[in-house]
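Visitor: Handing you this structure, nothing more for now.
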Amino acid sequence: MKILKLMAENFKRLSAVEITPDGNVVVISGKNEAGKSSVLDAIEAALCGGRNLPKQPIKRGEHRAKVVVDMGEYIVTRKFLGTNSTLKVESVEGNVKANILRPQEFLDKVVGDISFDPLAFMKKSPTEQRNALMDFLGLNLDEFDNKVASLKAERSEVRKEKERKLHEADSITFTPGLPEKEQGADALLADLQTIRDHNEKAQNTAQANAVLNSRLQRVSEDIAAAEKAITEWEKRIAALSQTKADIEHTLKEEPDVPMKDPAEVEAKIKALGDTNEAIRQNARKKQASIEYEMAIETYSKLGEEIKRVESQKARKMAEAVMPVKGLTIQSDGLAYNGIPLEQECDSKKLKICTAIAMAMNPKLKVLRINGNELDTDSLKSIGELVAGKDYQIWIEKVTDSNIIGFYIEDGHLAGTDYENSLG
């Protein structure tokens, strides 16, 4: 379907306009603020409704407005009164007209994205172009991209942990030939305590015996002195002799206890401590090595999961029917035959973007272009792009002279030199 006739009254800047296009390219020309955009907005408002309706559709100073779009098989009439609008869609077969129930629902199924401007699409950033095409194709790859980003972040942490465990394992000294469990030192400690107790007793005995020996020496000396005065000191000699006998008896019963050397047991305890520390080092190295292997396995599994998700994403993108053969969606934009779209020449980009616009309008084959930056040759090339494809392109063009297309002046169709247009 194409537009066979457009009629608009009191819509935005328009007073009364009737346009019957002829050909694929319909140029709406005129000076700034003459009403050119109002012509194209009238088509969108009539067919799309909803968010395509302007806030003030009625021309200032008027109370009513009307837009009629004749598509041959269907006639669409949207009227505006105050802040309200009504819609009627008539089906035409021969001379018979019939109203279609739920007219906006019907138009939503027929009308594509007629507001899609291929020239505006060309000026978007690669990311904006990618997102716009994905929206049209119904592709939502955020789920895959977010999953891949999450997996890569997780894998990065696993990689860091893997490297930490490898560094930890490498930094620990391993001593071969040792048991895996630490050895107990209780028996050796008991032996050491026995030796210490024995030595303490021996030391105490030696000290006591030393005191007794000192006393024995003094008594012996006293006896020697007393012998010189034996007569005077008989009684004392007898007493001292008894004391001597007592001391001698005591020494006989508590002789000196020999000392024992604890060095051997102390050396064994130290050696056992060193051995147990080496066993602990072996256990830590073994655990670090186990954790390193586990990190390697986790890292590998995450890599496989990333490949699986990216494969799902690639499969979903491969299943999407591109509007242009050779056009693909990349992570940061669009590509044509493997070359980023922004690197193509302007003529090829215009061809590709126009093909995308046509794909977005498969039933109502009407496109809208802001052609203020297009020269005559560019307008002709656009006409060649849609020639034979039964599409209709409505182009808004600022000009001061009525030499091309439908010239709008002060809200009216001031003059038509359509033979000079590019249809």
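Rundown of residues vs (1) at pLDDT 85 or above; (2) in contact with an Asp or Glu (Cβ under 7 Å, 6 or more places away or on another chain); (3) in a loop (DSSP other than H, G, I, E, B), yes/no style:
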position: Arg218; (1), (2), (3): yes, no, no
position: Ala224; (1), (2), (3): no, no, no
position: Thr243; (1), (2), (3): yes, no, no
position: Thr250; (1), (2), (3): no, no, no
position: Met259; (1), (2), (3): no, no, yes
position: Thr275; (1), (2), (3): yes, no, no
position: Ile279; (1), (2), (3): yes, yes, no
position: Ser289; (1), (2), (3): yes, no, no
position: Glu304; (1), (2), (3): yes, no, no
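Visitor: Here's something else I'd like to know. Determine whether the range 182-191 contains at least one residue that is in the same structural domain as Asp274 (by TED's automatic domain parsing), in contact with a Ser or Thr (Cβ under 7 Å, 6 or more places away or on another chain), assigned to a loop (DSSP other than H, G, I, E, B) and surrounded by 12 or more Cβ atoms within 10 Å (Cβ to Cβ).
Guide: Yes.
Visitor: Residue by residue through the range 264-290, note down the ones that are surrounded by 16 or more Cβ atoms within 10 Å (Cβ to Cβ), closer than 22 Å to Leu166 by Cβ and touching a helix residue (DSSP H, G or I) at 6+ places or on another chain (Cβ under 9 Å).
Guide: Once the filter is applied, which keeps residues that are surrounded by 16 or more Cβ atoms within 10 Å (Cβ to Cβ), closer than 22 Å to Leu166 by Cβ and touching a helix residue (DSSP H, G or I) at 6+ places or on another chain (Cβ under 9 Å), the range 264-290 yields Lys285, Ala288, Ser289.
Visitor: Right, here's the next one. From the list Ala169, Ala202, exactly one residue is at pLDDT below 90, surrounded by 14 or more Cβ atoms within 10 Å (Cβ to Cβ), assigned by TED's automatic domain parsing to the domain that holds Glu264 and within 30 Å of Lys252 (Cα to Cα). Which is it?
Guide: Ala202
Visitor: Could you pull out every one of the strands (runs of 3 or more DSSP E) wholly within the range 326-372 that has 2 or more residues that are in contact with a strand residue (DSSP E or B) (Cβ under 9 Å, 6 or more places away or on another chain) and in the same structural domain as Asp390 (by TED's automatic domain parsing)?
Guide: 366-370
Visitor: Further question on the same structure: Within the range 354-368, take every residue that is touching a helix residue (DSSP H, G or I) at 6+ places or on another chain (Cβ under 6 Å) and closer than 10 Å to Val386 by Cβ and give me the one that is surrounded by the fewest Cβ atoms within 10 Å (Cβ to Cβ).
Guide: Here the residue is Thr354.
Visitor: In the range 55-93, which residues are among the basic types (Lys, Arg) and assigned to a strand (DSSP E or B)?
Guide: If the condition is that a residue be among the basic types (Lys, Arg) and assigned to a strand (DSSP E or B), then Arg64, Lys66, Arg78, Lys79, Lys88 are the ones that fit.
Visitor: Separate question: I'm trying to understand the selection: among the residues of the range 4-35, which are at pLDDT below 90 and surrounded by 19 or more Cβ atoms within 10 Å (Cβ to Cβ)?
Guide: Residues satisfying the conditions are Pro21, Asn24, Val25, Val26, Val27, Ile28, Ser29, Gly30, Ala34, Gly35.
Visitor: Next question. From Ala190, Ala225, Ala208, Ala229, which residue is out of contact with any helix residue (DSSP H, G or I) (no Cβ under 8 Å at 6 or more places or on another chain), under 13 Å from Asp256 (Cβ atoms) and of a type in the set (A, V, I, L, M)?
Guide: The match here is Ala208.
Visitor: Looking for whichever is within 30 Å of Gln312 (Cβ to Cβ), modelled with pLDDT of 90 or more, in a helix (DSSP H, G or I) and not aromatic (Phe, Trp, Tyr) here; the options are Lys160, Lys147. Which one fits?
Guide: The match here is Lys160.
Visitor: Additional query: Please work out which one of (1) assigned to a helix (DSSP H, G or I); (2) more than 26 Å from Thr399 (Cα to Cα) is the condition Ile43 fails and give its number.
Guide: In the conditions (1) assigned to a helix (DSSP H, G or I); (2) more than 26 Å from Thr399 (Cα to Cα), Ile43 misses (2) alone.
Visitor: Anything in the range 72-126 that is in contact (Cβ under 8 Å) with a residue 60 or more places away in the chain, within 14 Å of Ile43 (Cβ to Cβ) and either aromatic (Phe, Trp, Tyr) or touching a strand residue (DSSP E or B) at 6+ places or on another chain (Cβ under 9 Å) (or both)? List them, or say none.
Guide: Hits for the range 72-126 are Tyr74, Leu107, Val110, Val111, Gly112, Ile114, Ser115, Phe116, Asp117.
The values are calculated or read from the model by the stated rules, or taken from the named source; none is laboratory data. The model shown is predicted, which means the values in this text are computed figures rather than measured ones. All Cβ positions, even for glycine, are placed from backbone atoms using ideal geometry, and neighbour counts span all protein chains on display.
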